[in-house]
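What follows is a single structure, written as structure tokens, with notes after it.
None of the figures in this text is laboratory data; all of them are computed from the coordinates on show. Quick caveat, the model's predicted, so the values are computed rather than measured. Here the Cβ is made from the backbone with ideal geometry for all residues, glycine too, and neighbour counts use every protein chain on show.
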Amino acid sequence: TIVANKEFTGNPRRQLAKLFEVSLKLTVPDEPNVEPLIEPGKFGDYQCNNAMGLWSFIKGKGTQFRGPPAVGQALIKNLPSSEMVESCSIAGPGFVNVVLSAKWIAKSIENMLVDGIDTWAPTLSVKRAVVDFSSPNIAKEMHVGHLRSTIIGDTLARMLEYSKVEVLRRNHVGDWGTQFGMLIEFLFEKFPDTDSVTETAIGDLQMFYKKSKLRFDLDPEFKEKAQQAVVRLQGGDPVYRKAWAKICEISRNEFAKVYQRLRVELEEKGESFYNPYIANVIEELSSKGLVEENEGARVIFVEGFNIPLMVVKSNGGFNYASTDLTALWYRLNEEKAEWIIYLTDLGQQQHFHMFFKAARKAGWLPDDDKTYPRVNHVGFGLVLGADNKRFRTRANEVVRLVDLLDEAKDRSKAALIERGKDKEWTPEELDQTAEAVGYGALKFADLKTNRLTGYTFSFDQMLNDKGDTAVYLLYAHARICSIIRKSGKDIDELKRTGKIALDHAAERALGLHLLQFAETVEEACTTLLPNVLCKYLYYLSEEFTKFYSNCQVNGSAEETSRLLLCEATAIVMRKCFYLLGITPVYKL
Ligand code: ARG
């Protein structure tokens, strides 16, 4: 027997691919580079789809085979024997259906219980990646669009980290725009002594922004001053730099509170960080003949777009695009990142596609977007209100992130109190659980939809304890923990000594689903679609429910095996929660 590849422990899809790779080489020795096409099966557990394509490829070349089913038969015959495969059969036009051995599934789960869930982590072929996410703008409030960027970006970063990729989590904050001219001038007016400025003195930075913008729009003299201020700031005038730093600091502290509540870690490298490098980068692009004069500005024409990408404004200043080109240069050359992933709403798609194109033209990136170094813009749709329009408050204002977090927590706390938990638990327990459930619900509601579509924001829906919600899933997990607790057994002892048997159909189905965790994470990473993992998690809880309603656990003859299945389910669920940035709770 060939022991399925150790490199892909707990990843049956990959392990099967390895076996079929051998079989393909034996079956069609003249076609050495055929990639095995393995996917979850409709009839068996998996299927291999190579026979049909291979047939149309070889039929004109005088092959011994007579049709795709015969190719499929040969693929089965040449499959190295392995303890993972129970049986294979041909279906339809030539699909090879594979049934895995229940013993092998059980053994793989036993191994995971002993060695830990990290042994199931997928291995990606990338060493270092940048995830550029959240990235709010200084002096403006973080809103629900930044919430999506933060939540989706954090999840992608977590999944990549789990897959052994070193991730540079970058907060590309907007800290270097022309808006700083007016903000600084306004600050000078209000607080002639910048040292005395504190957070409380400025109060609401968003209000401060609005008021200064009003001045800027209405008072030409102020406008003039503000424009001068930008020049001074960018020229490095220490007084202006100090005022700028102050405003950034106040904003930063506000953002930090949100990140702390969401438990998201980020390293700030804002737009200003790249400023010292921009001139050189534009110079390099110019020397490659990419930069042209256009109506006083300097631009790069890129194929497929009817407007050029502006990289130097007519007044000589740099902009969003020049900063992004420079950040890309820095990430590729200084940080040696092989994969750079950007999260913003779909409204910015054109900007990203244009500067990616410019970078390809400069030879920084390969022409296709599959070879590394690779860049991806991960765009997402809008968050909508009940009226199906962009999500706004009643007063038609941008919804502030902190208010959403407060409400999610308050509502889940009220629901816990209604169930009498305030009498069972300490105030800290109540508070922590309300946060875990409330923030978890907010995150899951965002992550479970395909990010390309928008979704309608509804507290009632996301906090429902039935259906596809974090609340339901957190309950399911807590219930499993309680089954294990109630058994009175030492689960760590059982893990070391107990055996799993998957004799009942519901046990086998649950076991197989558990074993598909790694390949699901891998798929979510390669497609950059976290909803793939959400769906997996939801199905896992459904498979568990089927198992639990068909198979008695505590007090049954199969108690040990079934408790181990419960434990494995709880472990995989917790890993899913972790990857989705959701804090699990053990009792609810
Ligand atoms: N600050 C921008 C915004 O709020 C997002 C920045 C995204 N990252 C980037 N490298 N362009 O819209």
Inset, instruction - Counting only DSSP beta bridges with both residues in the chain, tell me the antiparallel percent, nearest 5. - result: 50
Legend entry - DSSP beta bridges in the stretch 6-100 [antiparallel fraction, %, rounded to 5]: 100
Inset, instruction - Among the listed pairs LYS495/LYS575; LYS127/LYS361; LYS242/LYS269; LYS190/LYS223, give every one whose C-alpha distance is greater than 21 Å. - result: LYS127/LYS361
Legend entry - Positive dipole terminus of the chain, leading residue within ASN137, GLY67, PHE8 (C-beta point charges): GLY67
Inset, instruction - Could you tell me which of rounded, prolate or oblate describes the stretch 6-100, using a ≥ b ≥ c as the square roots of the eigenvalues of the alpha-carbon gyration tensor, with rounded for a/c under 1.5 and, failing that, prolate when a/b is larger than b/c and oblate otherwise? - result: prolate
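Using Cα pairs closer than 8 Å and at least 6 residues apart in sequence, work out the relative contact order for the chain, in percent.
Values: 894 pairs, mean separation 86.5, N = 588.
It rounds to 15 percent for the chain.
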Legend entry - the chain: calculated mean residue ellipticity at 222 nm from DSSP helix runs of at least 4, using -39500 (n - 2.57): -17500 deg cm²/dmol
Legend entry - Filter on LYS42/LYS77; LYS42/LYS107; LYS210/LYS257; LYS413/LYS489; LYS77/LYS546 - keep pairs with C-alpha separation over 26 Å: LYS413/LYS489; LYS77/LYS546
Inset, instruction - Compare the peptides 312-318, 409-415 by average per-residue count of other Cβ atoms within 10 angstrom and give them in order, highest first. - result: 409-415, 312-318
Inset, instruction - Note down the magnitude of the dipole of the stretch 415-579 about its Cα centre, charges +1 on Lys and Arg C-beta and -1 on Asp and Glu C-beta and zero elsewhere, to the nearest 20 debye. - result: 240
Inset, instruction - Among the GluC sites (Glu not before Pro) in the stretch 276-306, which ones are in a DSSP loop with at most 10 other Cβ atoms within 10 Å of the Cβ? Mind listing them? - result: GLU295, GLU303
Inset, instruction - Calculate the dipole size of the chain relative to its Cα centre from +1 charges on Lys and Arg beta carbons and -1 charges on Asp and Glu beta carbons; express the result in debye to the nearest 20. - result: 980
Legend entry - Leading residue at positive end of dipole, the stretch 415-579 (Cβ point charges), from GLN516, ILE500, TYR578: ILE500
Legend entry - Whole-number percent relative contact order across the stretch 179-259, with pairs defined as alpha carbons under 8 Å at least 6 apart: 43
Legend entry - Tilt relative to the chain, helix 505-515 - C-alpha long axis, 0 to 90 degrees, to 10: 40
Inset, instruction - Quickly work out the LYS25-to-SER56 label distance, labels modelled 7 Å from Cα along the C-beta direction, and quote it in nm with one decimal. - result: 2.7
Legend entry - Ordering of 144-156, 327-339, 113-125 by burial proxy (mean other Cβ atoms within 10 Å per residue, highest first): 144-156, 327-339, 113-125
Legend entry - Whether the chain is rounded, prolate or oblate, judged on the alpha carbon gyration tensor where a/c under 1.5 counts as rounded: oblate
Inset, instruction - Order these peptides, 358-368, 49-59, by their mean beta-carbon neighbour count within 10 angstrom, highest first. - result: 49-59, 358-368
Inset, instruction - Considering the options ALA321, MET354, GLY379, tell which one lies farthest towards the positive end of the dipole of the stretch 278-427, charges being +1 on Lys and Arg and -1 on Asp and Glu at the Cβ, about the Cα centre. - result: GLY379
Legend entry - Alpha-carbon centroid distance for the pair the stretch 67-97 / the stretch 458-534, whole angstrom: 31
